[in-house]
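The values are calculated or read from the model by the stated rules, or taken from the named source; none is laboratory data. In this text, all values refer to a predicted model and were calculated from it rather than measured experimentally. Positions of Cβ are generated from backbone atoms using ideal geometry, with glycine treated the same way; all protein chains shown enter the neighbour counts. In case anyone asks, the SASA skips ligands and DNA or RNA and just uses the protein heavy atoms, side chains included. Shrake-Rupley method; radii C 1.70, N 1.55, O 1.52, S 1.80 Å.
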Amino acid sequence: VSEHKFGKDVVYANEWKIRDPKNPVELIEEAKLTSAKGAGITGGDPLANIERCCEYIKLLKKEFGKEFHIHLYTSLMLVTSERLRKLYEAGLDEIRFHPDLDDKKLWDNLKIAREFDWDVGVEIPCVPGYENKTKELIDFVCDKVDFLNLNELELSDTQISHYKLNELGYVPRDNISYGTKGSATMGVKLLEYAKSKNLRAHFCTAKLKDGVQVKKRIQLRSKNVALKFDKITEDGLLIRGCIYLPELKPGYGKNLDKTEMREKLKLFYNKLLSNFKEEEMLLDDNKIRVITSDRLVKKHAEEVKKLGLIPAIVEEYPTADAFEVEVEYL
């Protein structure tokens, strides 16, 4: 969980922050832009705001139909028959629990989920040093759930700093992955143990999540959001020309008055029409910049700079936050 979400009551549809949780128009739009056939609800703990959670499930089902598959992740802390009934009646298809390996007192709450006709599973990370405790959990759940999902433990910057995990011996397995050293090896062992208990089990590596699951979503979204002059890479990233106000080039301008900056950019946009055709440009109101093709921004770079603007070729994600991977200033 990023620092933008950790400990805060906010709602995101993938990378898109929902401005008004009571009217989550971004939720439906994001599902359409990613050609989604289902949704996963996570947190935090969705049961902490059960009414909002149920409303979103109903909204997605109404918009996309009963076949739109929705699963939800929760701990056992807030599980009651009443809350689970609300989720079931809202249309939830599958529920996945995160039991506490250090405390068994809530494990019996898993049985409550069996009051309803949906898929029930347990999903946990493979924490190095917790192999025996995880086996105890497998022994407990093998006749109570439909499946077990084991994930390679990932370390986010927030987790490392907040919980001081590096001081506890949890370190990345290499310098290009959030996967934890020793977690994958443990996962393979636990997978075999679960199978020996006749429990349907899966193991998901950090590489699979990033290289397959996330990549597929990015590729689908890029096809739906790419402008006619964008180039799409094999991984689904967008290559485009961008023109910035000096105060708002990537890495700057975080504390500026955005309304003022938008008005300022509009004035420059009209000046750019002497070099660009209107159909060759887009005024990006979200990131407060002008988007065009990489070819045209390169061709008119000098004229753009004479206006006091910053031309660049940008490679970025096709997501709502349009995260820049590479910026080449011209």
Solvent exposure of the chain as accessible area per residue, Å², 1.4 Å probe: 56 Å²
Area of residue 80 that stays accessible when all protein chains are in place (1.4 Å probe, Å², to 10): 50 Å²
Coil-residue chymotrypsin sites (Phe, Trp or Tyr not before Pro) of the range 1-36, DSSP, other Cβ within 10 Å capped at 15: 6
Pair-distance profile P(r), taking every C-alpha pair of the range 17-107, with 5 angstrom steps and integer %: 3, 13, 24, 24, 17, 10, 5, 3, 0
Among beta bridges that DSSP assigns inside the chain, antiparallel share in %, nearest 5: 50 percent
GNM flexibility winner over the chain from 75, 35, 274 (Cα, springs under 10 Å): 274
Square roots of 5 times each gyration tensor eigenvalue, C-alpha, the range 198-330, largest first, Å: 34, 16, 12
Along the chain, longest interval not containing exposed GluC sites (Glu not before Pro), exposed being DSSP loop plus at most 10 other Cβ atoms within 10 Å: 68-233
Sulfur and carbon atoms: percent of accessible area, the chain [1.4 Å]: 50 percent
Subset of 8/86; 32/216; 231/298; 37/231 violating a 18 Å alpha-carbon distance limit: 8/86; 37/231
Filtered trypsin sites (Lys or Arg not before Pro), the range 224-330: DSSP coil and at most 13 other beta carbons within 10 Å: 228, 254, 277
Signed unit charges on C-beta, dipole axis of the range 1-147, positive-most listed residue 7, 18, 140: 18
Normalised convex hull volume, the chain, alpha-carbon set, Å³ per residue: 155 Å³
Where Rh is the Kirkwood radius over Cα pairs, Rg/Rh for the range 1-154: 0.97
Normalised contact order of the chain, rounded percent, pairs of Cα under 8 Å and 6 or more residues apart: 12 percent
Of the trypsin sites (Lys or Arg not before Pro) in the range 111-152, those whose Cβ has at most 16 other Cβ within 10 Å and which sit in DSSP loop: 144
Among 98, 69, 300: highest mean-square fluctuation, GNM of the chain, C-alpha pairs under 10 Å: 300
Charge context of residue 327, other residues only, Cβ under 10 angstrom, K/R +1, D/E -1: -4
